[in-house]
1. Output the number of the condition that Phe98 fails; it satisfies all remaining conditions of (1) surrounded by fewer than 16 Cβ atoms within 10 Å (Cβ to Cβ); (2) within 26 Å of Asp266 (Cβ to Cβ); (3) hydrophobic (A, V, I, L, M, F, W, C).
2. Based on what the data block shows, is Phe188 touching a Leu at 6+ places or on another chain (Cβ under 6 Å) and outside any helix (DSSP H, G or I)?
3. Inspect all residues belonging to segment 181-190 and state whether any of them is of a type in the set (Phe, Trp, Tyr), modelled with pLDDT of 85 or more and not assigned by the TED database to the domain that holds Thr142.
4. Return the only residue of Leu401, Leu378 being surrounded by 12 or more Cβ atoms within 10 Å (Cβ to Cβ), at pLDDT 90 or above and either closer than 24 Å to Gln253 by Cβ or within 21 Å of the chain's Cα centre (by Cα) (or both).
5. Any residue at all in segment 407-429 that is at pLDDT below 80 and under 22 Å from the mean Cα position of the chain (by Cα)?
6. I need every pair where a residue in segment 339-368 that is among the charged types (D, E, K, R) has its Cβ under 6 Å from the Cβ of a residue that is buried (at least 17 other Cβ atoms within 10 Å of the Cβ) and assigned to a strand (DSSP E or B), sequence separation at least 6 or different chains.
7. Would you be able to say whether some residue in segment 256-267 is touching a Gly at 6+ places or on another chain (Cβ under 8 Å), basic (Lys, Arg) and not in a helix (DSSP H, G or I)?
8. Is there a residue in segment 280-301 that is closer than 27 Å to Leu160 by Cβ and either at pLDDT 95 or above or in contact with a Ser or Thr (Cβ under 6 Å, 6 or more places away or on another chain) (or both)?
Amino acid sequence: VGHGPSPSSSTPGAEQREKQYQAHQGFGDHHGGVTGAHTYFYTDEAKCDQHMETFLHCIDASSGSSEDGFSAIKLTALARPQFLVQFSEVLVKWRRFFHQMAAEQGQAGWAVLDTKLEVEKLQEALANLGIASKTESQQWFTGENLGTSGTVNLLDWNSLFDSRTKLSRPLLIPNRKTGQLEPLLSRFSEEEELQMKRVLQRMDFLAKRAMEKGVRLMVDAEQSYFQPAISRLTVETQRRFNRSQPIVFNTYQCYLKEAYNNVTGDMELSRQEGWHFGTKLVRGAYMEQERERAAQMGYEDPINPNYEKTNEMYHRCLDYVLEEIKHSRKASVMVASHNEDTVKFTLRRMMELGIHPSDKKVCFGQLLGMCDQITFPLGQAGFPVYKYVPYGPVNEVLPYLSRRAQENRGFMQRANRERDLLWKEVKRRLLTGNLFS
């Protein structure tokens, strides 16, 4: 592997949450306070094309070095980060408007997949707000399957945004703070339209090469204020390339409070549209920076309050994917974790659900140079297991590795344990005369 509850109009603090997706000079290049990942400076479009060429070389290298390889990419290397922040803001505002309508229909706080707006009531609300007349909104709901059941869920709502709206079209939604209607897409211009096209073209180029070379393309997760856009662009690429097999994998950070909603929503979309759901589950690498930014800008911390809650979230998301693998066989997951309890949990659930290692629907990933006592036994037991390889100039890669060591608080204890296990094995082999077997 190469490196490279929902707020409604009456929810206190809802407007603070929107600050998460606003530009902030101090976090403009997303480098400060990052403890666990490589980040990219944006200079211009030519630099994005250079990064794409590097990723293409990585795909070729993955293909040449292993079967069923993975190659990881970062979208902030392929697009202007400010565009990703703005697009994230639009997506989040659109989703919050859906939940605002749901709250008015008595569905505040419902699970994402259970929330369904009654079309009649929704049309009345849109007309009363002055957003769209009944005639106009009826045209919105004439699409394939849209509103035919008499209800609209969040996936329908998102597809409405896809099919009815050019990014530059001024669609009006209510501003919570002022009560006035404001254009949802007011900040978007032709340049943002071009940014969207360019990043999707680059992703298509990479996914095509990956498909040709028999490599899976793994889109890394990044900071939460980029992530809605990154996830959306990844899903768009999955819809195109994951028709017959999982080529493109999306990454979900389980330290985020929204992780389960994100996994279940995207999984349901893949079910409805019939493509293969590919996912990598991680705990998350940007905690300190996320918390500092939330405190400085005055919005709710998007991260789970403690490690135990993140563990619960990880196992809940993983279990959901494993159940889907059992039922449909159209899902695949990489359990990217150094946590022995998580690995044991996965092995137990696979056994209970009858998922065999040779199915290659579940694989594991650890960083190169870390947790070999987990990686090697998994490989020897026949599980697909990968080492995540950071590559690049030494002066860039060393800080990345040192940050990962800092982030993994128990790293030194694990290293000591690993050393003890190795020494124990050497002594065992010396005593039995099987040193090299």
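1. (1)
2. Working: touching a Leu at 6+ places or on another chain (Cβ under 6 Å): yes; outside any helix (DSSP H, G or I): yes.
Yes; evaluated as a whole, the condition is true for this residue.
3. Step one: of segment 181-190, the residues of a type in the set (Phe, Trp, Tyr) are 188.
So of that shortlist, the ones also modelled with pLDDT of 85 or more come out as none.
Within segment 181-190, not a single residue is of a type in the set (Phe, Trp, Tyr), modelled with pLDDT of 85 or more and not assigned by the TED database to the domain that holds Thr142.
4. On the way: Leu401 fails: at pLDDT 90 or above.
Criteria check complete, one pass: Leu378.
5. yes
6. Within 6 Å, the pairs are Lys361/Ser332.
7. As a first pass, look at segment 256-267 and keep what is touching a Gly at 6+ places or on another chain (Cβ under 8 Å): 256.
This time we only want the ones that are basic (Lys, Arg), so: none.
Checking segment 256-267: not a single residue is touching a Gly at 6+ places or on another chain (Cβ under 8 Å), basic (Lys, Arg) and not in a helix (DSSP H, G or I).
8. no
The values are calculated or read from the model by the stated rules, or taken from the named source; none is laboratory data. Please read these numbers as outputs of a predicted model, since none were measured by experiment. Neighbour counts run over all protein chains shown; Cβ positions are idealised from the backbone, glycine included. With ligands, DNA and RNA removed, areas are computed over all heavy atoms of the protein, side chains included. Shrake-Rupley method; radii C 1.70, N 1.55, O 1.52, S 1.80 Å.
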